[in-house]
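Below is one structure; the comments refer to it alone.
Nothing in this text is a laboratory measurement; each read-out follows from the coordinates by a stated rule. All of these numbers come straight from a predicted model, not from anything done at the bench. Here Cβ is always computed from backbone atoms with ideal geometry, including for glycine, and neighbour counts include all displayed protein chains.
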Amino acid sequence: MAKVERLSDRAEELLKEVNRDKIPRHIAIIMDGNGRWAKKRYLRRVSGHRKGLEAVRQAVRAAKRLDKVRFLTLYAFSIENWKRPPNEVSAIMTLLEDYLCKEEREMLDNDIRLRYIGRIEDLPESTRAELLRVAKSTEHCESMMLTLALSYSGRAEIVDAVRKVVAETIEGKDHSMIDEECFSSKLYTDFMPEPELLIRTSGEMRISNFMLWQIAYTELFIHPVLWPDFKDYHLIEAVIDYQKRERRFGGIEQVE
Ligand code: FPP
């Protein structure tokens, strides 16, 4: 039986405003602003990433407390991030390993399953091993799925899916079998529904190559807070804002 974690007083207060019948099943987050957070404090960029881990814990706990959030996907490292200086890349990988090692117990206690999307074969051996180890040890957990996007980019994912479709399509075969559903099943995200809500921090109005296919009708919530300052109540605020929106999916009637 998973424990119920108490959130900050502000988050607990906000939880009372949440409509339990309209909670997004899948929340995705573009965690942005670690570098700027550090720069503002005359610290090295890695300090921002380290502080960002605390924000990851806050987001996971808040999503878990919402109960009906079954999928939380975090954009942790893009394919483009490999272009950063080697010492920053290596610090992020070490932080990731530390996070996995330290949080494994919390994931198990809270019935959270860890998964990943992206070209994880590009990760350093020790990082990949830790990722696979915790994914395996939490495999039986089913209350919530925490997915880390690592060495991920939306375009690379689409290209990889096209390769799978082409490999499976025999010449001369009826290509009408390739529809949106079939294509979606070839994406890295075949085990999760599309996100209803995408949160981005640091105020940037960009998608930055994240889940390009999956966010076609996702509601966006851009918050000015820099990721290391992200707290549990920010996630609850985003959900309350999402609940006020009318989702039409290109139609004219309210679908939900
Ligand atoms: C974006 O901030 C953040 C990243 C590219 C890395 C995020 C990684 C972590 C917090 C560590 C591991 C994550 C998990 C999920 C355990 P930025 O550096 O692009 O900030 P800037 O735009 O201000 O420079």
Exercise for review: Amide H neighbours of THR73 under 5 Å, at least 5 residues apart or on other chains, H built in the peptide plane: list them.
Suggested key: ILE27, ALA28, ILE29, THR147
**Study point:** Sequence ranges 181-188, 233-240, ranked by mean other-Cβ count within 10 angstrom, highest first
**Key:** 233-240, 181-188
Revision key, fill the gap. For the pair ASP122 and VAL166, the simple spin-label estimate (label points 7 Å beyond Cα toward Cβ) gives in nm 1.9 nm
Check your understanding: Residue by residue through the range 180-185, which ³J(HN,Hα) values in whole Hz follow from phi under the Karplus form 6.51 cos²θ - 1.76 cosθ + 1.60 (θ = phi - 60°), with glycine and proline marked x?
Key -> 4, 5, 4, 5, 4, 6
Check your understanding: Given 0.36 nm per residue, what is the gain on full extension from ARG36 to GLU5 after removing their alpha carbon distance, in nm?
Key -> 8.1 nm
Exercise for review: Report the charge-dipole magnitude of the chain in Debye, nearest 20, computed about the Cα centre from +1 at each Lys and Arg Cβ and -1 at each Asp and Glu Cβ.
Suggested key: 1020 debye
**Study point:** Full-extension gain in nm, PHE249 to GLU80, via 0.36 nm per residue minus C-alpha separation
**Key:** 57.8 nm
Review point. Going highest first, how would you order 5-11, 110-116 by mean Cβ packing within 10 Å?
Key: 110-116, 5-11
Point to revise | Residue (of MET205, SER47, ALA161) at the positive-pole extreme of the chain, dipole from beta-carbon charges | key: SER47
Practice item. In whole angstrom, note down how far apart the Cα centers of the range 86-134 and the range 162-211 are. Key: 24 Å
Study note, to complete from the structure: In whole µm²/s, the translational diffusion coefficient that Stokes-Einstein assigns to the chain, given a Kirkwood hydrodynamic radius over C-alpha pairs, 25 °C and 0.890 mPa s, equals 128 µm²/s
Practice item. Take the alpha carbon gyration tensor of the range 14-131, find the square roots of its eigenvalues, order them as a ≥ b ≥ c, and report rounded if a/c is under 1.5; if not, report prolate when a/b exceeds b/c, else oblate. Key: prolate
Review point. Over 31 Å between Cα atoms, which of LYS83/LYS231; LYS16/LYS51; LYS102/LYS244; LYS102/LYS231; LYS51/LYS83; LYS40/LYS244 qualify?
Key: LYS102/LYS244; LYS40/LYS244
Review point. Using 1/(1 + (r/R0)^6) with R0 = 22 angstrom and r between the beta carbons of VAL159 and TYR217, what's the FRET efficiency to the nearest 0.05?
Key: 0.45
Review point. Using mean Cβ contacts within 10 Å as the protection proxy, how do 17-26, 70-79 order, highest first?
Key: 70-79, 17-26
Revision key, fill the gap. Taking a crude spin-label model, label points 7 Å out from Cα along the C-beta direction, the ILE207 to LEU43 distance in nm is 3.3 nm
Exercise for review: Can you find, among TYR99, GLY118, LEU72, the residue farthest towards the positive end of the dipole of the range 52-123? Put +1 on the C-beta of Lys and Arg, -1 on that of Asp and Glu.
Suggested key: LEU72
**Study point:** Rounded, prolate or oblate (a/c below 1.5 giving rounded, otherwise prolate when a/b exceeds b/c) for the range 183-228 by Cα gyration tensor
**Key:** prolate
Review point. Counting pairs of alpha carbon atoms under 8 Å apart in space and at least six apart in sequence, what relative contact order in percent does the chain give?
Key: 29 percent
